[in-house]
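Please read the structure below before turning to the comments.
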Amino acid sequence: MMSPLALLLALLLLSAAGYFIGRRKALYAADKAGGPNMLHSRPNYYGVLTALWCCLPAFFLFILWLAFEQSIITSLMVADLPPGLRNLPQERLSLFVNDARNLASGNIVSGEITAEMRAAAAHYVNLQGIGKMIAGVTVLVVAIAGMLFVHRHITPELRARNQVERAIMALLIFCSTIAIFTTIGIVLSVLYEAVRFFQQVPVTDFLFGLKWSPQMAIREEQVGSSGAFGAIPVFAGTMLISGIAMMVAVPIGLMSAIFLSEYANKQVRAVAKPLLEILAGVPTVVYGFFAALVVAPVIRAGGSQLGIDVSSESALAAGLVMGIMIIPFVSSLSDDVINAVPQSLRDGAYSVGATRSETIKHVLIPAALPGIVGGILLAVSRAIGETMIVVMAAGLSANLTANPLQAVTTVTVQIVTLLVGDQEFDSPKTLAAFALGLVLFVVTLFLNIIALTVVRKYRERYE
Amino acid sequence: MSSVAKKPSTGASGGSGRERAIDIVNRRLAKRYRVEKRFRFYGLCSIIASVVFLAVLLTSIVGNGYTAFFQTYIKLDVALDATMLDRADPGGSDYQGIIKKSINKLYPEVEDRRSKRELYALFSSGAAFQLRNTVMENPDLIGTTVTLWVPADDDVDMLMKGHIKRDVPESGRRLSDKQLGWIDRLAVEDRIEKRFNVTFFTAGDSREPELSGIWGAVKGSFFTLLITLVLSFPIGLAAAVYLEEFAPKNLATDFIEVNINNLAAVPSIVFGLLGLAVFLNFFGMPRSTPLVGGLVLTLMTLPTIIIASRAALKAVPPSIREAALGVGSSKMQMVSSHVLPLALPGMLTGTIIGMAQALGETAPLLMIGMVAFIVDVPGGFTDPAAVMPVQIYLWADSPERAFLERTSAAIMVLLAFLILMNATAVVMRKRFEKRW
């Protein structure tokens, strides 16, 4: 029996051996043909080629095995079950299989342990052992076969370098397409569950409904058509909090960027920039804790001093702290954009007698406006998608209000509350999280693409 | 520039009307300078505002958290009665009972059951475990009396740290007057003191604040980040090299680029949804494990690493490439032995920054079930684990006052790691940055 890690290590060792074998063979063949200069490629390439042939096919096989190991072994186990068990209805059979598997791996079992289950688990462990053995042997045999195959083909004329480079190129291309696969993965996974949600709750109810209470729908055994999945209050809450955040972040961030790039001397910049970077590097969970622990009570106390009733999970607290979090983001984006404005524009304004602030207000900002707007859009997208601050400091109940002193909820808060804990992938409650996720993804995608195009166009203008 | 502005800008001679143009200009000038000053002041204010926010944030966390590095312990003389302990199997004895007996000996006057229960509540339930470990390590102690410093209950700890006020009426505080009296007696007898909180750095999570620690979360974070690093650095490097050095300029590569830039701005929670749907539901990977967490964080940090790596590659001057090609190397050789070594420091810097981002990330990990209450310190990539930020989130949710200071202390540890990583990145950038 061989654990996957040991197998991987063996494969690595074999490949290393393959490298030296291939290299030696190449040198040997070259010697016979009249010296190392007769080789098409440097000797190392023959070694690498051998190593690649040794490990790539075997590794591929190994991954395949890892992916399908469980399902193959499970189906084998089911086939060997006593007929009385095998003819159970589908759900009960799968429950039994799950229990047996859990028993085999030493986890907690849902029901009581029967003798059959014990037998099945033992059989499972047995099959697992055999499977591992077969897989290990096959992988190693394939590795050695690959090595021998190249070894026989090594001649001074073999274009080893070209082949190795082609393989590396394939790897590079594969790595750069991972971004595409990730996007496709996001779209498919979110869309699939969202479509299942929309089969139970009409899209229009979701997008335009005014009442959001996903928990209630479960308790009363009703399918969400009662209007409990109307997401408008959730969207409104998101916009309210993001709006407050932007009101804090945009002026402060923009003015900081202007001050740092146009007014501050070197020393101030050397101190202020790292401080802003620290602010940017603080994890959002820390901001969330800060909002709940410090900011919300302060606002509440301030409100009661003025005789105003402030919710302890007010949108204002979450929005303010989120704004603080976004300041460095806005400031660094604006800084880039302002620095990209050519010096000639500033010089032109100064030469007709404008003061610095007039130059900034009438020349720099109009010139940099597309870039600044792009940066702000990116910041909005960041505010909408921000999770931890609102999870820790904003409320859970979906109030449709524009009053920043009341508790509102956001898209991300709802996703987290719906998905943390028990998940039932057939109830609209769990699936609603994916529908919200879809909306979140689409909106941020839209904002990002607009922002990125605007910023790119802007950069090109002054390049 | 002021000398420019003082000259009359209109060519007209100043005689039109009672006022000369120069006077109007000068008067306006004063106003313009005031505006200028005000504008500059606004700029300064916003910088100061950011700095003040940072200062308030840090001081509130340090102020709340530094006390968690100390914990109240109580000295207890425990008689290891040979009748209560089985020498052959010391693990199975009733240590809770032994501890209770020693507490009774300390306060012989407490007799009724309710008072006794209140008395026992002063001591952490961890005392029995501590005693058990002591005896297991050295079974020869059986029959003797040992002096142990056992952790006090979190309420006692909070009282000693001044978070439970004595002047609050009895009904409004978590310790009764009777309990306060017992604690005062302990203090008089020098049986209670604050010591460095080792448990905080060596234990996993616990329901009891005085027994909880961050070691489990630190290890969980370590395993998760290891997976992230091992996957995202090579993949990010390869992708950056392809896009910057080899990719033809066509629709396909444009599409890849748009994708990468967009993924860098996608909310992190969406990556959590992806992980939940693909890694957990489709591939059936184990929940709450560093393996899945690492995979999700890999996808999340890849764009950051790719973008930083491409910038590093771009900074290598073309002359290097031309020289390599000129002496007959292939394009792949040119990249691997000339461009990459020069760009590597920049790429590593980007990777460290990406890792720091991953270390502080919470939201996607909530989606893949890393919010479970996990007591055991994880030992590998497939053990259920918490990570540092998730631990902070969990503790922040706990009602006990003692968890508040532990949350802040955990944040301090997390921030220390982050600052260390970022400082490394800055030092590396300074040291290896080359201006061509």
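Some values worked out for this structure:
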item	result
Ellipsoid semi-axes in whole angstrom, largest first, where each is sqrt(5λ) of the Cα gyration tensor of the stretch A:319-455	41, 16, 10
Long-range amide H partners of B:Ile192 with built H, under 5 Å	B:Lys75
Cross-link reach list, lysines versus B:Lys314, counting only Cα pairs under 26 Å and skipping chain neighbours closer than eight places	A:Lys273, A:Lys457, B:Lys249, B:Lys331, B:Lys430, B:Lys434
Helix-only mean residue ellipticity at 222 nm for chain A, each DSSP H run of n ≥ 4 adding -39500 (n - 2.57), per residue, nearest 500	-25500 deg cm²/dmol
Candidates per chymotrypsin sites (Phe, Trp or Tyr not before Pro) in the stretch B:224-318, loop by DSSP, up to 13 other Cβ within 10 Å	B:Phe283
Sorted by Cβ neighbour density within 10 Å, fewest at the top, the residues B:Cys45, A:Cys55	B:Cys45, A:Cys55
Taking the stretch A:180-328 and dividing mean pair separation by its residue count, relative contact order in percent (alpha carbons under 8 Å, at least six apart)	25 percent
Residues listed by number, the stretch B:117-161, amide nitrogen under 18 Å from B:Asp177 label point at 7 Å toward C-beta	B:118-119
Debye-sum result for chain A in log10 I(q)/I(0), which assumes one identical scatterer on each alpha carbon, at q = 0.09 Å⁻¹	-0.94
Cα gyration tensor shape of chain B, rounded if a/c is under 1.5, else prolate or oblate by comparing a/b with b/c	oblate
Chain A: DSSP helices with Cα axial extent of at least 27 Å and average Kyte-Doolittle hydropathy no lower than 0.0	A:4-33, A:43-79, A:115-153, A:160-200, A:232-258, A:315-340, A:365-385, A:428-461
Computed over the stretch A:1-121, Kirkwood Rh from alpha-carbon pairs, angstrom	18.3 Å
Estimated distance in nm for a label pair at B:Val375 and B:Val188, the labels positioned 7 Å out from Cα along Cα-to-Cβ	3.8 nm
Mean separation of Cα contacts under 8 Å (6+ apart) over length of chain B, as relative contact order %	18 percent
For q = 0.07, 0.15, 0.18 Å⁻¹, Debye-computed log10 I/I(0) when each Cα of the stretch A:214-461 counts as one equal scatterer	-0.30, -1.06, -1.29
Förster radius 56 Å - calculated FRET efficiency between A:Ser397 and B:Ser337 (Cβ-Cβ, nearest 0.05)	0.35
Chain B: most fluctuating residue of B:Phe41, B:Phe403, B:Phe201 per GNM, C-alpha cutoff 10 Å	B:Phe41
Size-normalised alpha-carbon gyration radius of the stretch B:215-432, reference 2.2 N^0.38 Å	1.16
The protein assembly as shown: translational diffusion in µm²/s, Stokes-Einstein, Kirkwood Rh over Cα pairs, 37 °C, 0.692 mPa s	102 µm²/s
Shielding of A:349-361 by partner chains, average beta-carbon count, 10 Å	5
Kyte-Doolittle mean at least -1.0 and Cα axial length at least 20 Å: DSSP H helices in chain B	B:21-65, B:215-241, B:251-265, B:290-314, B:340-360, B:401-432
Hull shadow area, averaged, the stretch B:59-197 [alpha-carbon convex hull, nm²]	9.8 nm²
Pairwise label distance in nanometres, B:Lys430 with A:Ile450, each label 7 Å out on the Cα-Cβ vector	4.2 nm
Residue order, fewest to most surrounding Cβ atoms within 10 angstrom, among A:Met322, B:Met421	B:Met421, A:Met322
Efficiency of FRET between B:Val327 and B:Asp254 - r from beta-carbon atoms, R0 25 angstrom, step 0.05	0.15
Label-to-label distance, nm, for residues given as A:Leu61 and B:Val52 (7 Å Cα→Cβ offset)	6.9 nm
For A:Pro274, net neighbour charge (Lys/Arg +1, Asp/Glu -1) across residues whose Cβ lies under 15 Å away	+3
Theoretical gain in end-to-end length, A:Ala301 to A:Lys361 [0.36 nm per residue, Cα-Cα removed]	17.7 nm
Residue range of chain B that is longest and free of GluC sites (Glu not before Pro) which are both DSSP loop and sparsely packed (at most 15 other C-beta within 10 Å)	B:190-432
Nearest-0.05 FRET efficiency for B:Ala311 and B:Ile419, computed from C-beta distance (R0 25 Å)	0.60
Those residues of the stretch A:411-451 whose amide nitrogen sits under 12 Å from the label point placed on A:Arg196, 7 Å along Cα→Cβ	A:423-435
Exposure proxy ranking, count of Cβ atoms within 10 Å, fewest first, for A:Thr430, A:Thr50, A:Thr177	A:Thr177, A:Thr430, A:Thr50
Rounded to the nearest 20 debye, dipole of the protein assembly as shown from Cβ charges on Lys, Arg, Asp, Glu	4080 debye
Sum of side-chain charges, A:Tyr45 neighbourhood, beta-carbon under 10 Å (Lys, Arg +1; Asp, Glu -1)	+3
Reciprocal of mean inverse Cα separation for the stretch A:57-193 (Kirkwood radius, Å)	19.1 Å
Residue-averaged beta-carbon neighbours from other chains (10 angstrom radius) around B:359-368	5
Test item: B:174-181 mean partner chain Cβ contacts at 10 Å	0
Sequence-distant lysines (8 or more away, or on other chains) whose Cα lies within less than 19 Å of B:Lys31	A:Lys361, B:Lys6, B:Lys7
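Here, each number is a calculation from the coordinates, and none is a lab measurement. For clarity, every value in this text was computed on a predicted model and none was experimentally measured. Note that each Cβ is placed from the backbone with ideal geometry, even for glycine, and that neighbours are counted across all protein chains shown.
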